[in-house]
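Scroll down for the structure; my scribbles are underneath it.
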Amino acid sequence: MENGFVNFYDHVKGYGFIRRERGRDVFFRYDDFLFLGHDVDICKGILVRFKLEKTDKGFKAVAIQKV
């Protein structure tokens, strides 16, 4: 698992970028968040933990949880 914070999120399009502690920003989609029984207000600055998944376009964040 990696840590970071939401650096950008577009509520209309449902995607954004997480600023990693080390490395480049990583793409995510709304559906990649694990809500664990409660709603999470996704907004710039929230701290998150996530796993990286390799795609044909690079890496993306998955299994994202608010810290």
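Rule-based calculations on the coordinates, nothing more; no lab input. Computed from a prediction, not measured in an experiment: that's the story for all the values here. Positions of Cβ are backbone-derived with ideal geometry, glycine not excepted, and every protein chain shown enters the neighbour counts.
One table, with the values for the structure above:
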{"quantity": "Pairwise label distance in nanometres, Leu47 with Met1, each label 7 Å out on the Cα-Cβ vector", "calculated": "1.2 nm"}
{"quantity": "In sequence order, calculated HN-Hα J values of the stretch 45-52 (Karplus, 6.51, -1.76, 1.60; Hz; x Gly/Pro)", "calculated": "x, 5, 7, 9, 10, 7, 10, 9"}
{"quantity": "Partner lysines for Lys57 [C-alpha distance under 23 Å; skip if fewer than 8 residues away on the same chain]", "calculated": "Lys13"}
{"quantity": "Of (i) 14.5; (ii) 16.2; (iii) 11.7, the label for Kirkwood radius over Cα pairs in Å derived from the coordinates", "calculated": "(iii)"}
{"quantity": "Distant-in-sequence amide H partners of Asp25 (H built 1.01 Å from N, under 5 Å)", "calculated": "Arg20"}
{"quantity": "Dipole magnitude of the chain about its Cα centre (Cβ charges: Lys, Arg +1; Asp, Glu -1), debye to nearest 20", "calculated": "260 debye"}
{"quantity": "Residues whose placed amide H lies under 5 Å from that of Val40, excluding near-sequence neighbours", "calculated": "none"}
{"quantity": "For the stretch 20-27, 3J(HN,Hα) per residue [Karplus equation, 6.51 cos²θ - 1.76 cosθ + 1.60, θ = phi - 60°, Hz, x = Gly/Pro]", "calculated": "6, 5, 9, x, 7, 4, 10, 6"}
{"quantity": "Contact order normalised by residue count of the chain, Cα under 8 Å, 6+ apart, percent", "calculated": "35 percent"}
